[in-house]
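K.L.:
Okay, handing you the structure first.
The values are calculated or read from the model by the stated rules, or taken from the named source; none is laboratory data. From a predicted model like this one, the values you see are computed outputs, not experimental measurements. Glycine gets a Cβ as well: all are built from the backbone with ideal geometry, and neighbour counts include every protein chain shown. These area figures cover heavy atoms from the full protein model, side chains too; ligands, DNA and RNA do not enter into them. Shrake-Rupley method; radii C 1.70, N 1.55, O 1.52, S 1.80 Å.
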Amino acid sequence: MKRRTATILASDVVSFSRLIAEDEEETLRRLTAYHRACETFVTRHGGRIFNTAGDSIMCEFETPLNAVRAAIDIQEAIRTRNLSYPPQRWLQFRIGISMGEVADRNGDLLGMAVNLAARLEKLARPGGVCVSQAVHQTVAGEVSVPFVDLGERSVKNIPDPVRTFAIAWPGTEIDAERTPAIPLLKRESVLWLGGACLVMALLAGAGLSGWHFAMSRDRTGFTAAHPSPAQQVAQGLVLSTNPAETFSRLSQKGGLIEDAKSAPGLYYKALLFEAKGETSGAHRAYYNLARMGLEFIDPHLRYAALVREHEGAAMTRQVYAELHEDAPTRATALLHALQFEGEERKAKIRSLVAEHPDFAPAYYFLAEEHSEERRGGRQSLHDRQVELAALAEFLTAHREGRLDDFFLDHAVVTDWVERARKKSEKLEGQLKSASAEALTIFRR
């Protein structure tokens, strides 16, 4: 067996047996999808999966930094996917990462680093990541997430205590409390001290609870009278009945809305995260907006582009298949159709137009399917006629005021309409020339 140094990532699913017992078919379907997502991130960060068993995965990376980055991406992606299910049905991973010498036996890895990663994974909280001291020392200054020192922990089948650290990015619960050893006190002394503390707590309880209530009330009054800068921004933006107007006001005013719950607020927040390069935050905001079941098309297009860039076309198709199943709208149906290629994509768009003839954005994409660019320079007369008819429907919807309702950012509407007009004028000229040429040939 060949020996080398490697970084090992181990993961498994929390309460997998219970989830299987409650709904085996759904759990296995989601596990397969989540494992595909994990494989995507592992490959992207230069790793490979060398062993799987049931709900667990073992991966190898060349560097600890790649392993930690992959773990963060995996947990963020799974946390976002879980938002569409009730908490009791969340499928959460625990991840452990260690580094050290391993033995390679026909692609499978053995050794203390593998065993330690599996033990660290058991120490991680649901949705969390636990790393060894060696991994922490290597990556602490290279990633933007904080670490919490969990101290030395005793783990199964490893003789000496292991110094461990947990990643503590926002939303992750960390249990850093450790029970201190008290070897110098006898059992009776411990019981006596415990009883004394209990009596003191009971005596002070009434006074402390009254004081705590008064302080809480005072803090609440202070917060209401002196809101934070972020709260001042939110309070200054009274949401109108027009979401596009609200989005425009948000964009013009700037600043971060911390607790964005409306569609304009989530879209603005997602775009802001994108501009700052914070992909996970943008993904989370887009997903929450997509789950609201609204008809706005521009946020869906941005979200699909984000997922495709970072997770690939297959994952984008799967995400929108799930979204259309869980929160079906004409917008999710269109975005799901756009994830296909060739004749299948065209057929799905045509079917959507036939089923929802008042859904104006679909005509824009139907025209695109028959365009010269899409046809690769082989645009037939029929293609031109279909493209022109679809563009005419799209522009009619704009003139009648039926288009704006499908967009949060009206700058996108302006751009689409301008393109549609230019294409329509060009097609009309081409068709007139073709008709005149055909008539001349006929007369001859």
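K.L.:
Percent of alpha carbon pairs in segment 293-444 separated by more than 18 Å?
P.N.:
61 percent
K.L.:
Something else now. Tell me which lysines have Cα within less than 23 Å of K122's Cα, excluding those fewer than 8 residues away on the same chain?
P.N.:
Leaving aside lysines fewer than 8 places away in the same chain, those within reach of K122 are K156.
K.L.:
Starting from the Cα gyration tensor of segment 266-336, take the square roots of the eigenvalues, sort them a ≥ b ≥ c, and report rounded, prolate or oblate (rounded when a/c is under 1.5, otherwise prolate if a/b is larger than b/c, else oblate).
P.N.:
Values: a/c = 2.08, a/b = 1.32, b/c = 1.57.
Taking the square roots of the gyration eigenvalues as a ≥ b ≥ c, segment 266-336 is oblate.
K.L.:
Between R89 and E22, what is the label-to-label distance in nm when each label sits 7 Å out along the Cα-to-Cβ direction?
P.N.:
That separation, rounded to one decimal, is 0.9 nm.
K.L.:
Could you sort H398, H300 by their accessible area in this structure, using a 1.4 Å probe and putting the largest first?
P.N.:
Reading off the accessible areas and sorting them downward yields H398, H300.
K.L.:
I would also like to ask the following. Kindly rank 146-154, 124-132 from highest to lowest mean number of other beta carbons found within 10 Å of each residue. Intermediate results must be reported in sequence, preceding the final value.
P.N.:
Working: 146-154: 14.9, 124-132: 24.2.
Those peptides, ordered most packed to least, come out 124-132, 146-154.
K.L.:
Here's another thing I want to ask about it. Give the Rg (one decimal place) followed by the Dmax (whole number) of segment 1-76, computed from C-alpha coordinates and expressed in Å.
P.N.:
Answer for segment 1-76, Rg first and Dmax second: 13.6, 44 Å.
K.L.:
A further question follows. Obtain the nm distance between the two label points defined at R163 and A411 by a simple spin-label model: each point lies 7 Å from its Cα along the Cα-to-C-beta direction.
P.N.:
5.0 nm
K.L.:
Indicate the gyration tensor shape class of segment 79-162 (rounded, prolate or oblate), computed on the Cα atoms with a ≥ b ≥ c the square roots of the eigenvalues: a/c under 1.5 is rounded; otherwise a/b larger than b/c is prolate and the rest oblate.
P.N.:
Working: a/c = 1.78, a/b = 1.44, b/c = 1.23.
Prolate, since a/c reaches 1.5 and a/b exceeds b/c.
K.L.:
Let me ask another. So if each residue of separation counts as 0.36 nm, and I subtract the Cα-Cα distance between R399 and S144, what length gain in nm does that give?
P.N.:
Fully extending the segment from R399 to S144 adds 86.9 nm.
K.L.:
Between R378 and A314, what is the label-point separation in nm under the 7 Å Cα-to-beta-carbon projection?
P.N.:
Result for the modelled spin labels: 2.7 nm.
K.L.:
Could you pull out every one of the lysines with an alpha carbon less than 23 Å from that of K422, ignoring same-chain neighbours closer than 8 positions?
P.N.:
K346, K432
K.L.:
I would also like to ask the following. Determine Rg/Rh for segment 1-157; Rg is computed over alpha-carbon atoms and Rh is the Kirkwood hydrodynamic estimate from the same atoms.
P.N.:
My calculation of the ratio gives 0.96.
K.L.:
Also: What does the accessible area per residue of segment 7-121 come to in Å², with a 1.4 Å probe and no ligands, DNA or RNA counted?
P.N.:
Result: 41 Å² per residue.
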